[in-house]
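Peer 1: Dumping the structure here so I can ask a few things about it.
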Amino acid sequence: MANTTIQAQVAPAIGTDGSTIDPASVILDVQGLYVGYYEDLNILQGVDIKAQRAKITTILGANGVGKSTLLKAIYGFLKPNRGKVILEGRNVVGTPTYKLIDRGLAYIPQHPGIFRWMTIEENLEMGAYTFRGDKARIKRKMEEVYERFPALKERRKSLAGKLSGGQQRMVEVGRTLMTDPKVMLVDEPTAGLAKLLSEEVYQHLVNLKEAGITILLVDQEIRQALKIADYVYVLELGRNRYEGPVDQFTDPQDLKKAFWA
Ligand SMILES: Nc1ncnc2c1ncn2[C@@H]1O[C@H](COP(=O)(O)OP(=O)(O)O)[C@@H](O)[C@H]1O
Ligand SMILES: [Mg+2]
């Protein structure tokens, strides 16, 4: 567990509610979230997370602390027992996922979920399911995705299952971009990818941020995740352990010792 030297190196954020985040910049605000897979067993026990507009907020934590559970709860796949998920000022707890997509949420799960037996183009069309009748909009969005990922355009008639791991990730990101997300929930996007491909995926996340998309990134790749993060949270067994702007997390090795021990 954390020792005091390391805690001192990672100085606490200061503010009225314990954080330095400007409230006006917050687009997604998770407050006091209790959620689990069984009624009487909360995996998350009062987690607070704020995602700032057009920034990358990274959530770190050891395997099993509840990072994926948090993203599933935000996306409406799990119903919290307590707490709020405030998206652009409105509590969206209980809102069905398809409506959250309309409100600007997108989710890229930990395990890639592309349709392997469909072409790239068909996968992108699936991303447009909520506006499937609007051919002009689908075409427009698809062109935008191809502009961002030219490699996908070249291979648009290929079966998605035949692509490399990195390209499959791009199909997933592309599919979520079809709905014009404001906030993307991204769960360990480079798990199982080679280093070079990982770097490419992280670069795409930075590009998306620069295009104005808010990213809430869950990761175990501490070093890489810290390189692109603006603000960092560390979870420990269903609770907030630490938070602060990324420049407070200077040495990933220290973090690792402190929180993965
Ligand atoms: N579908 C599920 N049913 C029951 N328990 C689950 C399920 N998914 C995850 N858990 C449990 O919830 C805890 C947190 O899991 P998870 O959110 O996946 O952690 P992380 O993403 O931080 O590794 C773990 O103890 C895990 O075993
Ligand atoms: Mg996980």
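Peer 1: For the pairs K67/K195; K141/K256; K79/K182, flag any whose C-alpha to C-alpha distance is greater than 31 Å.
Peer 2: Checking Cα-Cα distances, K141/K256 exceed 31 Å.
Peer 1: Another question, if that's okay. With +1 on each Lys and Arg Cβ and -1 on each Asp and Glu Cβ, and nothing else charged, work out how big the dipole of the chain is about its Cα centre, in Debye to the nearest 20.
Peer 2: The calculated dipole for the chain is roughly 760 debye.
Peer 1: Also: Fully extended, how many nm does the chain gain between L159 and Y37 (0.36 nm per residue separation, minus their Cα-Cα distance)?
Peer 2: In short, 40.5 nm is gained.
Peer 1: How much of the DSSP bridge set in the chain is antiparallel, in percent, rounded to the nearest 5?
Peer 2: Taking every DSSP beta bridge within the chain, about 55 percent pair in antiparallel fashion.
Peer 1: Now for a separate question. Would you mind telling me the antiparallel percentage of the DSSP bridges in segment 92-233, rounded to 5?
Peer 2: Rounded to the nearest five, the antiparallel share is 10 percent.
Peer 1: Starting with the highest mean, order 118-126, 69-77 by the number of other Cβ atoms within 10 Å, averaged over the residues of each peptide.
Peer 2: The most tightly packed comes first, giving 69-77, 118-126.
Here, each number is a calculation from the coordinates, and none is a lab measurement. Treat the numbers as computed from the prediction; the structure is a model and nothing was measured. Note: ideal-geometry Cβ built from the backbone for every residue, glycine included; neighbour counts use all protein chains shown.
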